């Protein structure tokens, strides 16, 4: 590994840039609090907290999947994925802040006495149980994310077979827990915004979105770090496989999106259709932009092998998908809380602020240890990785 | 047609042999092996398979035909009122369109593959040597347009790269 940059140095000017991004977020928040209604501000906070929490969570899932699948190609940039997963504890801080705004976000917290449908769901949808559930999920997620990161770091100094086996056990447990917990998370924080509405597919639809988002973010980060002069050993073969991830999971996302939409459209039951009627009539541009950004563009661009092997094109698609997933999250949250709203500078400014925190955390955790897990058993396989003809 | 056959017993020797021949701009007609040899397609400088293109064209065709057929059936040929939905109910056409895409693409690539590689029922492929299906690797070179001296040279080259035996066949 001689002559390769294995240590990330977090420059002062990068730190200043991220702090400037955070400042934009803080200023937007102050202006937002002064200009907009409480409901609007809390919705925007929920949107961005959930958005970046799920990216970090998706990265943790990816770390776990890579460990239990015993695959080797991704080892060279594994530390980027781990660094993204390290945002999880910080994102939970914002989720804890949201507990103070539950009344502004969720109608079920205060409509029990006027609304018979909500009253019937009160056994599940009540504030103490909600907070208990959420805290349980957050704690378990953070424990697993930190544990997987810890095993990887420890193998840099004292590699052992025992460590490898232990990380496999943790990863397997996390994958199972993640699959179940993400559905509960989707019910609690996203579906219960419209407490009258229900969809059994919703949890998996959110899960698909999380995976697409994490792949997009990892591709963007890899491109940024390569631009800064790191990860020069990540070849176009690795990019090709990451692009495949993005391509296949954007199809998976649209598959679930459409399954949910078509079943509701076909059954035509008023209890279910109001969800989509609200979105199509009040947010027509975003509704169709969502499908365009998350499915049509990645599908049509990345279907060709040549574009999957062109770094800038893959990055452009990843950025489009990232924006598309933000819109998707927007459509899950805003139409339920405020009947008609538009994306304003406040939303965008707040998102930029969150992106600043996100990048700051990632860059700090990247600079903490080596950029390559140098004792990973599959490192050589990953360095000489070639995708075959497909 | 006159052909030179080089027999190898080791995978590594075969790869070396193919590389030397390709480097000296001698056209390798074909290579037979009992199992797929990794890196052989690169050594032979074979072009990438065009099967994905077939899949894309027929997939697109399947999507188009599947969609148009449903549109024709439900608006022109036999319109039925299903639950008060419009006759041109696009969301309910999508699953069938999707299935047609897959069906067309899948069948097309299987047929294109069989046709292009002369396989399938009724195919009559010459087996150069029974051993090529067991434990030998065979390089086939077409030397019809070469004189005796040139084919002699090729024979020595094959031997030099580790060929166990070299045969010349007249067809």
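The values are calculated or read from the model by the stated rules, or taken from the named source; none is laboratory data. These numbers come from a predicted model, not from an experiment. All Cβ positions, even for glycine, are placed from backbone atoms using ideal geometry, and neighbour counts span all protein chains on display.
Residue by residue, here is whether (1) over 30 Å from residue A:305 (Cβ atoms); (2) in contact with a helix residue (DSSP H, G or I) (Cβ under 9 Å, 6 or more places away or on another chain); (3) free of Cβ contacts under 8 Å to residues at least 12 places away in the same chain; (4) surrounded by 14 or more Cβ atoms within 10 Å (Cβ to Cβ) holds:
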{"position": "B:21", "(1), (2), (3), (4)": "no, yes, no, yes"}
{"position": "B:52", "(1), (2), (3), (4)": "no, yes, yes, yes"}
{"position": "B:66", "(1), (2), (3), (4)": "no, yes, no, yes"}
{"position": "B:95", "(1), (2), (3), (4)": "no, yes, yes, no"}
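Which of (1) over 24 Å from the mean Cα position of the chain (by Cα); (2) away from chain B (no Cβ under 14 Å); (3) surrounded by fewer than 16 Cβ atoms within 10 Å (Cβ to Cβ) is the odd one out, the single condition residue A:227 does not satisfy? With respect to (1) over 24 Å from the mean Cα position of the chain (by Cα); (2) away from chain B (no Cβ under 14 Å); (3) surrounded by fewer than 16 Cβ atoms within 10 Å (Cβ to Cβ), residue A:227 is out only on (1). Summed over region B:111-125, the residues that are assigned to a helix (DSSP H, G or I) and exposed (fewer than 13 other Cβ atoms within 10 Å of the Cβ) give a count of 2.
Of the listed requirements (1) exposed (fewer than 13 other Cβ atoms within 10 Å of the Cβ); (2) within 11 Å of chain A (Cβ to nearest Cβ); (3) more than 27 Å from the chain's Cα centre (by Cα), residue B:46 misses just one: (3). Can you pull out the residues in region A:111-139 that are exposed (fewer than 13 other Cβ atoms within 10 Å of the Cβ), closer than 23 Å to residue A:174 by Cα and touching a helix residue (DSSP H, G or I) at 6+ places or on another chain (Cβ under 9 Å)? Residues satisfying the conditions are A:136, A:139. Which one is surrounded by the most Cβ atoms within 10 Å (Cβ to Cβ), of the residues in region A:262-299 that are over 23 Å from residue A:342 (Cβ atoms), within 23 Å of the chain's Cα centre (by Cα) and within 13 Å of another protein chain (Cβ to nearest Cβ)? Among residues in region A:262-299 that are over 23 Å from residue A:342 (Cβ atoms), within 23 Å of the chain's Cα centre (by Cα) and within 13 Å of another protein chain (Cβ to nearest Cβ), the one surrounded by the most Cβ atoms within 10 Å (Cβ to Cβ) is A:295. Do we find a residue being within 23 Å of residue A:255 (Cβ to Cβ), within 14 Å of chain A (Cβ to nearest Cβ) and part of a helix (DSSP H, G or I) anywhere in region B:72-87? Scanning region B:72-87 turns up no residue that is within 23 Å of residue A:255 (Cβ to Cβ), within 14 Å of chain A (Cβ to nearest Cβ) and part of a helix (DSSP H, G or I).
A single member of A:274, A:247, A:252 is more than 25 Å from residue A:320 (Cα to Cα) and assigned to a helix (DSSP H, G or I), and it is A:274. State yes or no: is residue A:172 farther than 21 Å from residue A:89 by Cβ, at pLDDT below 95 and in a helix (DSSP H, G or I)? Criteria not met by residue A:172. For region B:100-121, a residue qualifies if it is touching a helix residue (DSSP H, G or I) at 6+ places or on another chain (Cβ under 7 Å) and either touching a residue at least 24 places away in the same chain (Cβ under 8 Å) or within 14 Å of another protein chain (Cβ to nearest Cβ) (or both), and the qualifying residues are B:100, B:101, B:103, B:104, B:105, B:108, B:109, B:112, B:113.
Scanning for something assigned to a helix (DSSP H, G or I), within 14 Å of another protein chain (Cβ to nearest Cβ) and over 24 Å from residue B:149 (Cβ atoms), does region B:9-24 turn up at least one residue? There is no residue in region B:9-24 that is assigned to a helix (DSSP H, G or I), within 14 Å of another protein chain (Cβ to nearest Cβ) and over 24 Å from residue B:149 (Cβ atoms). Given the structure, is residue B:132 in a helix (DSSP H, G or I) and surrounded by 14 or more Cβ atoms within 10 Å (Cβ to Cβ)? Yes.
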